[in-house]
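Have a look at the structure below before the remarks.
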Amino acid sequence: MAAELTPRQIVGELDRYIVGQDAAKRAVAVAIRNRWRRQKLSPELRKDVTPKNIIMIGPTGVGKTEIARRLAQLIGAPFLKVEATKYTEVGYHGRDVESMIRDLTEIAIGMIRQEQRSLVETQAKEKVNDRLVDLLVPQSHNWDPENPEENERRQRTREKMKARLEAGELEDRKVELNVEQRAVPVQIFSNLGMEQMDVDFQNMFEKIMPKQAQQRQLTIKEARRVLLEQETEALIDRQVVTEKGIELAENQGIIFVDELDKISGPPSSHGPDVSRQGVQRDLLPVVEGTTVNTRYGPVRTDYILFIAAGAFHVSKPSDLMPELQGRFPIRVELTDLKREDFLRILTEPKHALTKQYVELLATEGVRLEFTRDGIETLAEIACEVNRTAQNIGARRLHTILERVVEEVSYEGPDLKNKQVVINGNYVRDRLTTILEKEDLTKFIL
């Protein structure tokens with residue numbers, strides 16, 4: 001598993017994509033490593049070691065969500081990113097916080113199912129080949145199973161057909177296949193809060209509704225795909241998938257709760273505060289450790305790692321309920337981005353923005369080149385606009401770069417000169433109007 005990476009290796013991987021914010025990277029790296037360490041303990045001690053949840057504090061656009069997103073891609077664990085603002089207190093219209101555990105369980109089940117599919121793939125392919133041969137060499141009505149000559153002749157025909165099938169000579173030949181279609185009207189319930197009910201309506205409807213079979217003319221290539229799906233599903237043990245999926249979610253699951261600052265603040269003085277204090281109260285038991293009923297069975301949240309994040313511009317972490325603060329013992333602050341950080345963001349990450357634009361336009365045959373002074377000018381302007389206008393962090397680079405390369409992107413297919421150099425003067429020419437507008441805003445009340 002990727003979870004066996006050392007903290008230094010995890011930080012090294014994150015450094016390839018995210019500039020700076022070493023404190024946050026170290027905190028998540030240690031938390032991930034501690035998951036691995038816990039698995040090495042004796043069962044008696046392991047049950048008492050709970051994860052130390054993290055809260056990341058910092059302005060928008062400095063890398064909080066990006067750290068979580070890259071971490072998810074790096075480790076082989078079920079990962080869910082949610083916004084705290086999408087939940088409401090239990091009993092009111094909207095999603096309750098326990099639904100995040102159900103979503104995480106679905107992700108874990110999906111991962112185990114994919115793992116099981118790869119285990120039975122070879123066996124499934126053999127079964128598919130046999131079924132395709134049956135379709136190509138159907139059994140005749142007057143076939144006599146007691147006749148050895150006829151049996152031998154049929155077997156030779158099947159072997160020849162199988163050899164041609166494996167050689168890929170029959171991919172375009174048509175066969176008639178019986179394809180099952182399930183008309184399950186589960187979607188009508190999706191907005192009625194049915195996720196909060198423990199009954200598995202989807203499976204119930206699948207059992208009640210009759211399976212509709214339809215005869216379809218498919219090429220061997222298409223039929224192979226349909227049959228592989230059927231055979232794989234038949235070979236997978238659903239009970240094993242469910243058991244392993246729940247175990248994976250409980251012991252390796254990570255939930256990233258974004259926008260935590262939006263549900264903090266003083267209690268409401270005019271009626272129930274169902275989307276702020278109410279959500280905080282509902283989060284308490286989930287983060288602390290409780291049992292949530294899902295369609296696959298009960299899931300314990302004691303060992304799920306929670307990473308929360310928020311800008312905390314208006315409110316402060318201390319505005320959260322004291323009980324909830326105690327459930328996030330590790331706090332890391334992410335710093336504002338400076339000119340040097342913008343410069344590094346434009347050049348250092350594996351898929352830096354400048355590299356993305358170069359590759360995008362290369363598909364049209366346009367050779368885009370960013371000079372050193374062009375990149376420095378982009379960084380200076382991004383830093384200046386963030387300082388004088390709204391500070392949106394690294395997202396400002398998207399706005400500025402898109403404006404700079406807009407003309408090249410538009411004219412790209414028709415350009416006679418396919419070599420475009422973006423230097424300091426080119427950047428200033430394209431962004432003069434933005435800078436002038438920003439300067440004028442200082443004098444408008």
Of (1) surrounded by 19 or more Cβ atoms within 10 Å (Cβ to Cβ); (2) assigned to a strand (DSSP E or B), Pro298 fails just (1)
Looking at the stretch 33-66, which of its residues are modelled with pLDDT of 90 or more and among the hydrophobic types (A, V, I, L, M, F, W, C)?
-> Leu41, Leu45, Val49, Ile54, Ile55, Met56, Ile57
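Checking the conditions here, which among Glu359, Glu380 is under 22 Å from Asp15 (Cα atoms), modelled with pLDDT of 90 or more and surrounded by fewer than 18 Cβ atoms within 10 Å (Cβ to Cβ)? I'd like the intermediate steps shown before the answer.
Details: Glu380 fails: under 22 Å from Asp15 (Cα atoms).
Exactly one of Glu359, Glu380 is under 22 Å from Asp15 (Cα atoms), modelled with pLDDT of 90 or more and surrounded by fewer than 18 Cβ atoms within 10 Å (Cβ to Cβ), namely Glu359.
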Look at Glu288 and say whether it is free of Cβ contacts under 8 Å to residues at least 40 places away in the same chain, on the phi < 0 side of the Ramachandran plot, acidic (Asp, Glu) and in the same structural domain as Ile381 (by TED's automatic domain parsing).
-> no
Test set (1) buried (at least 22 other Cβ atoms within 10 Å of the Cβ); (2) outside any loop (DSSP other than H, G, I, E, B) - Val62 fails condition number | (2)
Of Ile32, Ile67, Ile55, the only residue that is touching a Pro at 6+ places or on another chain (Cβ under 9 Å), part of a helix (DSSP H, G or I) and surrounded by 21 or more Cβ atoms within 10 Å (Cβ to Cβ) is Ile32
Filter result (at pLDDT 75 or above and either touching an Asp or Glu at 6+ places or on another chain (Cβ under 7 Å) or loosely packed, with under 13 Cβ neighbours inside 10 Å (or both)) within the stretch 175-200 | Glu176
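Would you mind stating whether Asp319 is in contact with a Gly (Cβ under 7 Å, 6 or more places away or on another chain), in the same structural domain as Glu250 (by TED's automatic domain parsing) and at pLDDT 90 or above?
So Asp319 fails the test.
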Please give the number of the condition Leu324 fails out of (1) part of a helix (DSSP H, G or I); (2) in contact with a Leu (Cβ under 7 Å, 6 or more places away or on another chain); (3) under 30 Å from Ile400 (Cβ atoms).
-> (3)
Would you mind stating whether Gly374 is over 17 Å from Thr60 (Cα atoms) and either surrounded by fewer than 20 Cβ atoms within 10 Å (Cβ to Cβ) or among the charged types (D, E, K, R) (or both)?
-> no
Answer residue from the stretch 86-115, given it is part of a loop (DSSP other than H, G, I, E, B) and acidic (Asp, Glu) and is surrounded by the most Cβ atoms within 10 Å (Cβ to Cβ) among those = Glu98
Looking only at the stretch 104-125, decide whether some residue is touching a residue at least 24 places away in the same chain (Cβ under 8 Å) and on the phi > 0 side of the Ramachandran plot.
-> no
Within the stretch 307-319, residues within 28 Å of the chain's Cα centre (by Cα) and surrounded by 16 or more Cβ atoms within 10 Å (Cβ to Cβ) come out as Ile307, Ala308, Ala309, Gly310, Ala311, Phe312, Pro317
Scanning the stretch 403-428 residue by residue, the ones that are among the charged types (D, E, K, R) and over 36 Å from the mean Cα position of the chain (by Cα) total 4
Would you call Ala311 in contact with a helix residue (DSSP H, G or I) (Cβ under 6 Å, 6 or more places away or on another chain) and at pLDDT 90 or above?
-> no
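The values are calculated or read from the model by the stated rules, or taken from the named source; none is laboratory data. Keep in mind the model is a prediction, meaning the values are calculated, not measured. Heads up, the Cβs are rebuilt from the backbone with ideal geometry, glycines too, and the neighbour counts pull from every protein chain shown.
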